Amino acid sequence: MKQKINTSLIDYKYVIALISVFNFLLTPIHIAISGFDSAYVVVINFTIVILGSSLIASTKIAKSITYVLGSVVLFFIWLEFSNGDNRAIMFTRLVVSLALFINFCMLLLKQLRKIKKVNLQFILMPILGFLYLGIIGGILFEVMHFFDSSSFTRIQGFSGFSFYYFSFISITTVGYGDITPLTSPAQSLTLVMNIIGQFYLAIIIAVFVGKYINVKS
């Protein structure tokens, strides 16, 4: 039974990781519906992301690094909720969170290189990578705001999640205009995210078509 569960986790690891990240992006909805304290919801959803994304690690070392980084992030999230005005704790949480999601991206790249044919895993991996990219952008925007609180316009209901919302709006070049970068560094970072988002899609499409042609030939 245990072996069957392990096999299923390996076969559907990208599906599980994708669902866990989507669940994390729905955190504000969970908070609004459940009525629970935001700290509990954030920690639970972040834990799900760590557990789900750790499945894509193929070695014990990679899994250990993921669990260690994830545990440290959760620890500093708890500290930040209980010490909201402590900038050192907040900055450490941002740095470790950035390292964690960069680690997830590196794991995906290693797995992508191993896939020789177009299958469900190959389709899900770029989608998952795009979500990781959006979250990394959100962390970077939050870091920008950490150093200069006047970097972005403040809209009604502005919160930490707004940075992640703005990140995905930037990499998809939708540009609703509800959040606007005001300072030169914030504008520069927004431009970089716009460019990275477009190049990411172009490269992924090229790789997908290349592998598809190789399989057919």
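Using only the alpha-carbon atoms, how far is helix 87-114 inclined from the longest principal axis of the chain? Give it as 0 to 90 degrees, nearest 10. The angle comes out at about 20 degrees. Computed from Cα atoms, the angle from the helix 38-53 axis to the main principal axis of the chain rounds to 20 degrees. Over the chain, what is the mean sequence separation of C-alpha contacts under 8 Å (at least six apart), divided by residue count, expressed as relative contact order in percent? Answer for the chain is 16 percent. The ranking of SER159, SER184 by Cβ neighbour count inside 10 Å, starting from the fewest, reads SER184, SER159.
Look at the dipole of region 115-217 built from charges on Cβ: of VAL207, PHE146, TYR164, the Cα furthest out on the positive end belongs to VAL207. Derived from the Cα gyration tensor, the three semi-axes of the equivalent ellipsoid of the chain are 30, 23, 15 Å, largest first. Put in order of Cβ neighbour count within 10 Å, fewest first, the listed residues ILE16, ILE196, ILE33 become ILE33, ILE196, ILE16. When only the Cβ of Lys, Arg, Asp and Glu is charged (+1, +1, -1, -1), the dipole of the chain relative to its Cα centre reaches about 1300 debye.
No lab work stands behind these numbers, since they all come straight from the coordinates. As the structure is a prediction and not an experimental result, all values here were calculated from the model. Cβ sites come from the backbone with ideal geometry, for glycine too, and all protein chains shown count toward neighbours.
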